[in-house]
Amino acid sequence: MNFIALIGALALTYYRPHRKLDWLQEIVAPLVQLLERNFNGGNRLQGMTAWALVVLLPSLLVGAVYYVLLQVNAILGIVFGVALLYFTLRLSQFGPRAEEIIAALRTGNIDEARLLLGQWEKIDSDNFTLTQVAQVSVETVLSRSHYGLFAPIFWFVILGPAGALFYRLSHIVTMEWQPEEATPFNDWARKVFRWLNWPPAFVTAGSFAIVGDFEDAIYCWRSQAETWPDKAMGMILASGAGALGVRIGEPLPMNGILVFRPEIGLGDAADADYLRSAVGLVWRVLVLLIGLLLLLTFAHWLGQ
């Protein structure tokens, strides 16, 4: 059932792309911010309570509804799973936006490339060079494919639609509750998301290595992942950059200062061609994961 629901959701997302960058975040973010304003008294229990209301409770409700629908009629359960995944996965976001930046980079329109990247990643890109725009765009494709596609699929396979929603809501909460600073209020949410993110991060990084340059991906993973502030994302970026044979990371001029970032990857500096290769890498990983899930589904059916 999970395989059919996933294929249906991916097909629907491909042929009916989302018009908004992240529909789920736009709906949930105001509620998350409201809970922070009303519950944040500076202690951990309040943060756990707010987290349970916005992450745990909706996920449990979705899991219960999905289970009941499957018991009533399998088709109803599949339709519910497709609908939920359609609004949870972000398949339609990284490809088209990357293509717009690729077109601007190839024509040398740096102002347009900076604007598109700034709107996409919500960062100050006004002083980026063409190479820096390409570097950050490659990083964005790799990171957003993990957070919005591969990790939710991983938890969907494990826990059904509730697992995909649980991961996405956990990620949204960590982004909205002072992501750059650990506080008693957001401590529990940050810990839960780290636990949730580690297993699919290994899967994403390993998949990049399998469908790309395996030797360079593993080398970068082992030697460079620990240099990135977020270790899970360090694995993903290092493996992805090694698989592509491109250099990313490096210091960036943002908000009037030079922000230090370690160099990750091997080979040439990023450009429009490497950005397109990054999009292709993501599609190959998606095909790989669908193939593996298909094999598991057949094995399950044969074992019954």
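The values are calculated or read from the model by the stated rules, or taken from the named source; none is laboratory data. Owing to the predicted nature of the structure, the values given are computational and were not obtained by experimental measurement. When we count neighbours, we look across all protein chains shown, and the Cβ atoms used for this are built from the backbone with ideal geometry, even at glycine. For accessibility, only protein heavy atoms count, side chains too; no ligands or nucleic acids. Shrake-Rupley method; radii C 1.70, N 1.55, O 1.52, S 1.80 Å.
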Legend entry - Counting DSSP beta bridges with both ends in segment 240-280, the antiparallel % (nearest 5): 75 percent
Inset, instruction - Quick one: grab Rg to one decimal and Dmax as a whole number for segment 261-304, Cα atoms only, in Å. - result: 17.3, 52
Legend entry - Given charges at beta-carbon only (K, R positive; D, E negative), |dipole| of segment 26-115 in Debye: 240 debye
Legend entry - Accessible area (Å², 1.4 Å probe, nearest 10) - His171: 10 Å²
Legend entry - Relative contact order, percent, segment 1-303 [alpha-carbon distance under 8 Å, six or more residues apart]: 20 percent
Legend entry - In Å², nearest 10: area of Tyr147 left accessible to a 1.4 Å probe: 30 Å²
Legend entry - Distance-filtered residues of segment 211-254 - backbone nitrogen under 11 Å, label point 7 angstrom along Leu292 Cα→Cβ: 211
Inset, instruction - Please work out the average accessible area per residue across segment 1-303, using the 1.4 Å probe convention, and give it in Å². - result: 47 Å²
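Taking the Cα centre of segment 79-154 as origin, work out the dipole magnitude from +1 charges on Lys and Arg Cβ and -1 charges on Asp and Glu Cβ, in debye rounded to 20. Mind showing how you got there, number by number?
Numbers: 6 positive and 8 negative charges, 56 e Å.
Dipole of segment 79-154, to the nearest 20 debye: 280 debye.
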Legend entry - Among Arg222, Arg247, Arg37, residue whose mean-square fluctuation peaks in a GNM of the chain (springs only between Cα atoms under 10 Å): Arg37
Legend entry - Spread of Cα-to-Cα distances over 10 Å intervals beginning at zero, given as percent, for segment 112-153: 30, 47, 19, 3
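Give me the dipole magnitude in Debye, nearest 20, for segment 175-302 about the Cα centre, with unit charges on the beta carbon: positive for Lys and Arg, negative for Asp and Glu.
Details: 9 positive and 14 negative charges, 81 e Å.
Around 380 debye, computed over segment 175-302.
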Inset, instruction - Compare Leu57, Leu85, Leu130 in a GNM of the chain, Cα atoms joined below 10 Å, and give the one with the largest fluctuation. - result: Leu57
Legend entry - Read-out mean projected area of the Cα convex hull in nm², derived from the coordinates shown; its label in [x] 15.1; [y] 17.9; [z] 16.5: [z]
Legend entry - Order of exposure, largest accessible area first, which applies to Lys122, Lys231 with probe 1.4 Å: Lys122, Lys231
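For segment 173-251, run through the GluC sites (Glu not before Pro) and keep only the ones in DSSP coil with at most 11 other Cβ atoms within 10 Å of their Cβ.
Details: sites: Glu176, Glu180, Glu181, Glu215, Glu226; in loops: Glu180, Glu181.
Hits after loop and neighbour filter: Glu180, Glu181.
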Inset, instruction - At a Cα cut-off below 24 Å, give the lysines reachable from Lys20, other chains included and same-chain residues fewer than 8 away excluded. - result: Lys122
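Using a Förster distance of 51 angstrom, determine the FRET efficiency expected from the C-beta separation of Lys191 and Thr107, and round it to 0.05. Intermediate values should be presented prior to the final figure.
On the way: r = 46 Å, r/R0 = 0.89.
Efficiency, from the Cβ-Cβ distance: 0.65.
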Inset, instruction - Kindly report, to the nearest 10 Å², the accessible surface of Met175 as traced by a 1.4 Å probe over protein heavy atoms only. - result: 70 Å²
Legend entry - Antiparallel DSSP beta bridges within segment 1-303, percent to nearest 5: 75 percent
